[in-house]
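Engineer: Take this structure first; my questions come after.
The values are calculated or read from the model by the stated rules, or taken from the named source; none is laboratory data. Since this is a predicted model, take the numbers as computed values, not measurements. Ideal geometry is used to build each Cβ from the backbone, glycine not excepted, and the neighbour counts take in all protein chains shown. Ligands, DNA and RNA are stripped out before the accessible areas are found, and what is left, the full protein with its side chains, is counted by its heavy atoms. Shrake-Rupley method; radii C 1.70, N 1.55, O 1.52, S 1.80 Å.
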Amino acid sequence: QVQLVESGGGLVQPGGSLRLSCAASGSIFTINAMGWYRQAPGKQRELVAVITSGGTTNYADSVKGRFTISRDNAKNTVNLQMNSLKPEDTAVYYCSVDILQYSYSYRYWGQGTQVTVSS
């Protein structure tokens, strides 16, 4: 059994910052890539950032220079530091964790956390 618990969402003013966190728990497993996605009302879910097991990161063009993804392998967590937030960043943010189980990669999702950027 694997569970992902997200935290850190909320309401902030434009230009403000938030830090999202996602912690994986459950049986012993091997974590590969971890990432963050978001979905705004009426829009498709989109990739925000990913980080590989080796620490390589990739970001959506819309968040480059503002967001930073990181991971703590000892704690099985992935974080997203969001700075210089804009109203268009408003969305439900979901973390994802790719876990190797029985030689097969499974993608697990967090429950989602609301981020609202508004004055």
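Engineer: For region 29-68, which positions are under 16 Å from Ala91 (Cβ atoms) and in a strand (DSSP E or B)?
Structural biologist: Hits for region 29-68 are Gly35, Trp36, Tyr37, Arg38, Gln39, Glu46, Leu47, Val48, Ala49, Tyr59, Phe67.
Engineer: Name the residues in region 51-88 that are closer than 16 Å to Val5 by Cα and β-branched (Val, Ile, Thr), would you?
Structural biologist: Correct list: Thr77, Val78.
Engineer: Anything in region 34-54 that is more than 11 Å from the chain's Cα centre (by Cα) and not charged (D, E, K, R)? List them, or say none.
Structural biologist: Gln39, Ala40, Pro41, Gly42, Gln44, Thr52, Ser53, Gly54
Engineer: Next question. Just the residues that are open to solvent by 60 Å² or more (accessible area, probe 1.4 Å), more than 12 Å from Tyr93 (Cα to Cα) and not in a loop (DSSP other than H, G, I, E, B), please, taken from region 6-24.
Structural biologist: Result: Leu11, single match.
Engineer: Could you check how many residues of region 103-119 are small (Gly, Ala, Ser) and open to solvent by less than 40 Å² (accessible area, probe 1.4 Å)?
Structural biologist: Residues in region 103-119 being small (Gly, Ala, Ser) and open to solvent by less than 40 Å² (accessible area, probe 1.4 Å): 2 in total.
Engineer: Could you check region 66-94 and list, in sequence order, the residues that are over 16 Å from Leu18 (Cβ atoms), open to solvent by 60 Å² or more (accessible area, probe 1.4 Å) and among the basic types (Lys, Arg)?
Structural biologist: If the condition is that a residue be over 16 Å from Leu18 (Cβ atoms), open to solvent by 60 Å² or more (accessible area, probe 1.4 Å) and among the basic types (Lys, Arg), then Lys75 is the only one that fits.
Engineer: Among the residues of region 33-54, how many are farther than 27 Å from Val117 by Cα, at pLDDT 95 or above and not hydrophobic (A, V, I, L, M, F, W, C)?
Structural biologist: Matching residues across region 33-54 total 1.
Engineer: Check region 70-81 and report whether any residue there is farther than 27 Å from Tyr104 by Cα, in a strand (DSSP E or B) and under 12 Å from the mean Cα position of the chain (by Cα).
Structural biologist: Looking through region 70-81, at least one residue is farther than 27 Å from Tyr104 by Cα, in a strand (DSSP E or B) and under 12 Å from the mean Cα position of the chain (by Cα).
Engineer: If I filter region 55-65 for residues that are open to solvent by 50 Å² or more (accessible area, probe 1.4 Å), modelled with pLDDT of 95 or more and over 30 Å from Ser119 (Cα atoms), do I get at least one hit?
Structural biologist: Among the residues of region 55-65, at least one is open to solvent by 50 Å² or more (accessible area, probe 1.4 Å), modelled with pLDDT of 95 or more and over 30 Å from Ser119 (Cα atoms), which makes the answer yes.
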